[in-house]
Amino acid sequence: MTHQTVENQHQPSWFDKFESIYKKLKHIFIGLFAILTCTSVIILAMTVFYFQSITKEAIHMSDDDLRLKLLYIVGSQDIDYDNKHILTEYNESMNTLIVGPKNVNKNVIKALTASEDSLFFRHNGILPKALVRAVGQDIFNTESATGGSTITQQLVKNQLLTNEKTYNRKANELVLSMRAENLLTKDEIIFTYLNIVPFGRDYNGSNISGIASASYSLFGKPASDLNIAESAYLVGLLQSPYFYTPYEDNGSLKSDTDIQIGLDRQHYVLKRMLVEGKITEYDYKRAEKFNIRQHLLSK
């Protein structure tokens, strides 16, 4: 009797068993956490090292060189790029195809920021959410991929980089875009972009770049006289200039069906302007009724 009592006292209780299992699991989880932490630190260090190695040139480019490359416009012999007030140079350029704030209707800026980069005046050159979305679409090879580039990134890509879709190019684009935001004002970025970006073809079949050239070539007027509908149409071309352009390779107007593709894009831009509060409901409806097709220049 006494012997059985002693044996029962030495048998582990359910609590002792639970505590023993808990300690083992605790040690396992601590070990796994330590391994994952070390692995993460190593991967992070390797990623940082790799990022720095492929962006070495972008990081070490001097501010003066970067500023000059960002601002350079073909045909700008009379522009003094040393002038810290570069927008004044644009406004007073003898080349009528180079324009500044004084020569561009505000509707163009509203259309551009509303449809291409609604946070332009608030971000530092890049949008983390858009980048994550773009990377995810690239990894999973999503067909309907959406762009993740800000206007600043587009300026950098057009002025310093190529259109190749590589991580090397994208990494340099990110570094240079953030540097560009520290070197240039928002207005300098957006007006330089408008002066250099492609707008497709004109009625002679020639390639055109810059908002002034596009305004004269499509509507026969300076960019300062563009109305809301015309501004939205020209800005709509930017997403894919040679797809949305109303002109064929030889300069003749495309079919009504093909022109409608560009008009659909214009309607999207107008809708974005309305949603972003850039125009009123009245302005929106009036612009929707404007007949772009009748105002396009032709031979």
Fill in the blank from the handout: Out of (1) part of a helix (DSSP H, G or I); (2) at pLDDT below 80, the one PHE33 does not meet is (2)
Handout entry: Criterion violated by SER115 - all others in (1) surrounded by 15 or more Cβ atoms within 10 Å (Cβ to Cβ); (2) modelled with pLDDT under 95; (3) among the polar types (S, T, N, Q) satisfied
Key = (2)
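Yes or no: ILE190 free of Cβ contacts under 8 Å to residues at least 40 places away in the same chain and open to solvent by less than 10 Å² (accessible area, probe 1.4 Å)?
Numbers: free of Cβ contacts under 8 Å to residues at least 40 places away in the same chain: no; open to solvent by less than 10 Å² (accessible area, probe 1.4 Å): yes.
So ILE190 fails the test.
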Handout entry: Residues satisfying the stated conditions in region 218-227, i.e. surrounded by fewer than 24 Cβ atoms within 10 Å (Cβ to Cβ) and in contact (Cβ under 8 Å) with a residue 24 or more places away in the chain
Key = PHE219, GLY220, PRO222, SER224, ASP225, ASN227
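So if I check each of SER298, SER252, SER213, which one is touching a residue at least 12 places away in the same chain (Cβ under 8 Å) and closer than 24 Å to ASN158 by Cα? Step through it out loud before you land on a result.
Numbers: SER298 fails: closer than 24 Å to ASN158 by Cα; SER252 fails: closer than 24 Å to ASN158 by Cα.
From the options SER298, SER252, SER213, the qualifying one is SER213.
Which one of ASN91, ASN107 is open to solvent by less than 30 Å² (accessible area, probe 1.4 Å), modelled with pLDDT of 95 or more and either touching a Lys or Arg at 6+ places or on another chain (Cβ under 6 Å) or not aliphatic (A, V, I, L, M) (or both)? Break it down stepwise before answering.
Values: ASN91 fails: open to solvent by less than 30 Å² (accessible area, probe 1.4 Å).
Result of the check over ASN91, ASN107: ASN107.
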Exercise for the section: For ARG201, indicate whether it is under 16 Å from LEU97 (Cβ atoms) and either at pLDDT below 95 or not polar (S, T, N, Q) (or both). Expected result: yes
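Just the residues that are crowded, with 19+ Cβ neighbours inside 10 Å and at negative phi, please, taken from region 204-213.
Narrowing region 204-213 to residues crowded, with 19+ Cβ neighbours inside 10 Å: 208-213.
Once the filter is applied, which keeps residues that are crowded, with 19+ Cβ neighbours inside 10 Å and at negative phi, region 204-213 yields ILE208, SER209, ILE211, ALA212, SER213.
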Problem - Residue selected from region 258-297 under the condition among the basic types (Lys, Arg) and under 19 Å from GLU116 (Cα atoms), by the criterion most open to solvent (accessible area, probe 1.4 Å) - result: LYS271
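Mind listing whichever residues of region 173-211 are among the charged types (D, E, K, R) and touching a helix residue (DSSP H, G or I) at 6+ places or on another chain (Cβ under 8 Å)? Walk me through it before giving the result.
The initial filter retains those residues of region 173-211 that are among the charged types (D, E, K, R), namely 173, 179, 181, 186-188, 201-202.
Matches in region 173-211: GLU173, ARG179, GLU181, ASP187, GLU188, ARG201, ASP202.
Table: residues versus (1) modelled with pLDDT of 95 or more; (2) closer than 29 Å to HIS295 by Cα; (3) assigned to a loop (DSSP other than H, G, I, E, B).
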{"site": "VAL132", "(1), (2), (3)": "no, no, no"}
{"site": "SER144", "(1), (2), (3)": "no, no, yes"}
{"site": "LYS165", "(1), (2), (3)": "no, no, yes"}
{"site": "ALA171", "(1), (2), (3)": "no, no, no"}
{"site": "THR192", "(1), (2), (3)": "yes, yes, no"}
{"site": "GLY205", "(1), (2), (3)": "yes, yes, yes"}
{"site": "SER215", "(1), (2), (3)": "yes, yes, no"}
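The values are calculated or read from the model by the stated rules, or taken from the named source; none is laboratory data. Quick caveat, the model's predicted, so the values are computed rather than measured. When we count neighbours, we look across all protein chains shown, and the Cβ atoms used for this are built from the backbone with ideal geometry, even at glycine. Quick note on the areas: whole protein, heavy atoms, side chains included, nothing else; ligands and nucleic acids left out. Shrake-Rupley method; radii C 1.70, N 1.55, O 1.52, S 1.80 Å.
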